[in-house]
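Encoded as structure tokens, the structure appears first; notes follow it.
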Amino acid sequence: MLRYMLRRTLIMVPVTLFVSMIVFIIIQLPPGDFVSGYAAKMATSGEIMDEQAMALLRESYGLDKPWYVQYFTWIIGILTEGDFGYSLSYNRPVSDIIGQYMGITIIVSLVSMVFTYVVAIPIGILSAVKQYSFFDYLATGFGFLGMATPNFLLAIILMFISFQWWGDPMLGLFSAEFTDAPWTAAKWMDLFKHMIIPVIVIGTSNTCELIRVMRGQMLDEMTKPHILTARAKGLPEWRILLKYSARAAINPIVSTIGWSLTTIFTGSTITAIVLNLPTQGPVMHKALLSQDMYLAGSWLLLMAVFTLLGTLISDILLAWLDPRIRMTRKGT
């Protein structure tokens, strides 16, 4: 297992570098650059920037150099100094912006993931065990409704309900009096209170999907010959369900951790804008619109790293859950 983890970790290095290059190229594919977008924005307010001024601005930002020179300057700065470049739209180092928004983004994303799995797995198991019961139909209806409802619409509905019942739409992650306050127990409680709507909205679509996956896998595992043999030997039903059926049925869900993590990160952008959340979603949206290549490239690079880490975690958990995978790796 240790050798496998080391090999996978080493493979992540060239994959990450390759993804970073692709990301940098894609960001530069749209016509124009940050300077042209900035000049167009100034033109709407009546200020005209001539070509000479635009050329000087491009030179000062290093945008007059070929893309590969810009890329290697950027990636070498990351590898040697941890310097992600300079954000043109925020006029700040990218590392400062990442430090400002990444912590809250990770908290919201991880809590949403925990909510997804804690809700989806038990409901999927019970729905399979009580097939065609009222609970099964209720879970199925909840699943289809959750998958069909857009996140932004669910966010608006929950904000309206919160405002009608408690007089507070729960915008943002903090109340006004706690926005700039130091971290205290009261501020943490205010954060958890404001996280209820974002976690439900962000986690609902994945939760409903995983409920259907878990139910289908459980129904398939419960009819396997070794399960019937265990019942014939008189093993307790709860042990059969949890130790044999559920352990095998959870494999497809564990394998989705890699993309689920980045889906929650990137899929929360519209929700973050609607709920006014201080997370990376609105920052990424602004960076892409303004062609702020270093900021956008750094966020996308971090998403690729999170995807690779999530995939590594999935593979390790699968090897732990499924003895067939362990035996295959010992054979190789």
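The values are calculated or read from the model by the stated rules, or taken from the named source; none is laboratory data. Note that the structure is predicted; figures quoted are calculated from it, not measured. All Cβ positions, even for glycine, are placed from backbone atoms using ideal geometry, and neighbour counts span all protein chains on display. Only protein heavy atoms, including side chains, enter the accessible area calculation; ligands, DNA and RNA are left aside. Shrake-Rupley method; radii C 1.70, N 1.55, O 1.52, S 1.80 Å.
Label-to-label distance, Ile107 versus Ile161, with points set 7 angstrom from Cα along the beta-carbon direction: 2.4 nm.
For the pair Lys193 and Lys224, the difference between a 0.36 nm per residue extended length and the Cα-Cα distance amounts to 6.7 nm.
Relative to the longest principal axis of the Cα atoms of the chain, helix 280-289 runs at roughly 40 degrees. Phi angles across the stretch 156-167 convert, under the Karplus curve 6.51 cos²θ - 1.76 cosθ + 1.60 with θ = phi - 60°, into 3J(HN,Hα) values of 5, 4, 5, 5, 5, 5, 4, 5, 5, 8, 10, x Hz, Gly and Pro given as x.
Computed from Cα positions, the angle between helix 257-267 and the longest principal axis of the chain comes to roughly 40 degrees.
Under the rule a/c < 1.5 gives rounded, and otherwise a/b versus b/c splits prolate from oblate, where does the chain land using the Cα gyration tensor? Oblate shape, in that a/c is at least 1.5 and b/c is the bigger or equal ratio. The stretch between Val69 and Leu138, if pulled fully straight at 0.36 nm per residue, gains 19.1 nm over its current Cα-Cα span.
Per residue, the accessible area of the chain comes to 55 Å², computed with a 1.4 Å probe over protein heavy atoms only. When the square roots of the Cα gyration tensor eigenvalues are ordered a ≥ b ≥ c, the ratio a/c for the stretch 50-148 is 1.5 or more and a/b exceeds b/c, which makes its shape prolate.
Tell me, what is the FRET efficiency for Tyr4 and Glu47 to the nearest 0.05, using R0 = 51 angstrom and their Cβ-Cβ distance as r? Rounded to the nearest 0.05, the efficiency is 0.30.
Over the chain, dividing the summed -39,500 (n - 2.57) contributions of all DSSP H runs of at least 4 residues by the number of residues returns a 222 nm mean residue ellipticity of -24500 deg cm²/dmol. Subtracting the Cα-Cα distance of Lys286 and Glu81 from their residue separation scaled by 0.36 nm leaves 71.2 nm. For Tyr86, nonlocal amide neighbours, meaning residues 5 or more places apart or on other chains whose placed amide H falls under 5 Å from its own, are Val94. If you sort the three axes of the alpha carbon gyration tensor as a ≥ b ≥ c, you get a/c of 1.5 or more for the stretch 31-83 and a/b above b/c, which makes it prolate. Along the axis of the charge dipole computed for the chain (Cβ charges of +1 for Lys and Arg, -1 for Asp and Glu, origin at the Cα centre), the listed residues Ser162, Leu57, Val15 are led at the positive end by Val15.
How many lysine pairs in the chain, separated by 8 or more positions in sequence or lying on different chains, have Cα atoms less than 19 Å apart?
6
Here the accessible area of the stretch 61-167 is 72 percent carbon and sulfur, with a 1.4 angstrom probe and all protein chains present. The charge dipole of the chain, taken about its Cα centre with unit charges on the Cβ of Lys, Arg, Asp and Glu (plus for the first two, minus for the last two), comes to roughly 2100 debye. The long axis of helix 2-27 is offset from the longest Cα principal axis of the chain by roughly 40 degrees. Pick out which of Tyr61, Tyr294, Tyr101 has the largest mean-square fluctuation in a Gaussian network model of the chain, springs linking Cα atoms closer than 10 Å. Comparing Tyr61, Tyr294, Tyr101 in a Gaussian network model of the chain, the most mobile one is Tyr61. Annotation for Asp96 and Ser60: the two label points, set 7 Å from Cα along the Cα-Cβ direction, are 1.6 nm apart.
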